[in-house]
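The values are calculated or read from the model by the stated rules, or taken from the named source; none is laboratory data. As the structure is a prediction and not an experimental result, all values here were calculated from the model. Virtual Cβ from ideal backbone geometry, glycine too; neighbours counted across all protein chains shown. Ligands, DNA and RNA are stripped out before the accessible areas are found, and what is left, the full protein with its side chains, is counted by its heavy atoms. Shrake-Rupley method; radii C 1.70, N 1.55, O 1.52, S 1.80 Å.
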Amino acid sequence: MQNKPTTVRKMPQTPFHLDRDSLREAAMKLGDGAVTEGYKGNREEVIAMLNGALATELVCVLRYKRHYFTASGLENESIKAEFLAHALEEDAHANQIAERIVQLNGEPDFNPRQLSERSHADYDDSGDIKAMVRANLLAERIAIEAYRQMIERIGDDDPTTRHMLVSIMAKEEEHASDMSDLLE
């Protein structure tokens, strides 16, 4: 006996409709900037997480720049170039994060006295090229895990921040891969 394919019946759906008047009324709360009534995230918590990420990115910029300027030897020119490229990309991440903090009506914390306390990764002043690469690989791995945990915590409550963090994390994974390749 052969089974007949089952037919799935779709329930009639009402067409999607936006209530233009309620959208306009809610949007009139101009003091909230980009944060609308539909925002489901915990703004204070997200801003605190982002300020930790901002500190991490800024410390990474400083670490990569130090390594770029202090690495010596003709055989290390390509590694130095990699350090500089990563420093510039980490700076771009810091800018993205600071902008998102402002969009959430927060204040990005650039206080240099507290950067290393808030950073997930450490600064490094190694003089040996392999130690520099190792320190950068470690910092990238820390950043990846920190971003993964932030993304998990935010969930679907703040898709804009989540999307930004996912794209930054992908770049950090690329950086970790680059550093890992340099160690071999």
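Quick notes on this structure:
- Residue ranges 36-45, 102-111, 50-59 sort as 50-59, 102-111, 36-45 when ordered by packing (mean number of other C-beta atoms within 10 Å per residue, highest first).
- Reported to the nearest whole Å, the Cα centre-to-centre distance from the range 116-131 to the range 147-168 is 26.
- Kyte-Doolittle mean at least 0.0, axial Cα span of 24 Å or more - DSSP H helices of the chain: 43-70, 129-154
- The local environment of V133, defined by Cβ-Cβ distances under 12 Å, has a net charge of -3 under the rule Lys, Arg +1 and Asp, Glu -1.
- Counted by Cβ distance under 11 Å from I47, the other residues give a net charge of -3, where Lys and Arg count +1 and Asp and Glu count -1.
- Measuring r between the beta carbons of R43 and L74 and using R0 = 45 Å, the FRET efficiency lands at 0.35.
- With both labels modelled 7 Å from their Cα along Cα-to-Cβ, the D181 to F16 distance reads 4.0 nm.
- Among the trypsin sites (Lys or Arg not before Pro) in the range 66-138, those located in a DSSP loop and surrounded by at most 13 other Cβ atoms within 10 Å of their own Cβ are R113.
- Between the entries (1) 56; (2) 50; (3) 35, the label attached to percent of Cα pairs over 24 Å apart calculated for this structure is (2).
- Positive contributions from Lys and Arg (+1) and negative ones from Asp and Glu (-1), summed over other residues with Cβ under 11 Å from the Cβ of I79, come out at -3.
- Of the solvent-accessible surface of the chain, computed with a 1.4 Å probe over protein heavy atoms with every protein chain present, carbon and sulfur atoms account for 52 percent.
- The lysine pair count for the chain, using Cα distances under 27 Å and pairs eight or more places apart or on different chains, is 8.
- Helical runs (DSSP H, four residues minimum) scored at -39500 (n - 2.57) apiece and divided by the length of the chain put the mean residue ellipticity at 222 nm at -22000 deg cm²/dmol.
- Heavy-atom accessible surface of the range 137-184, averaged per residue, reaches 54 Å², computed with a 1.4 Å probe.
- A 1.4 Å probe run over the protein chains yields, for the range 17-87, 59 Å² of accessible area per residue, whole-number rounding.
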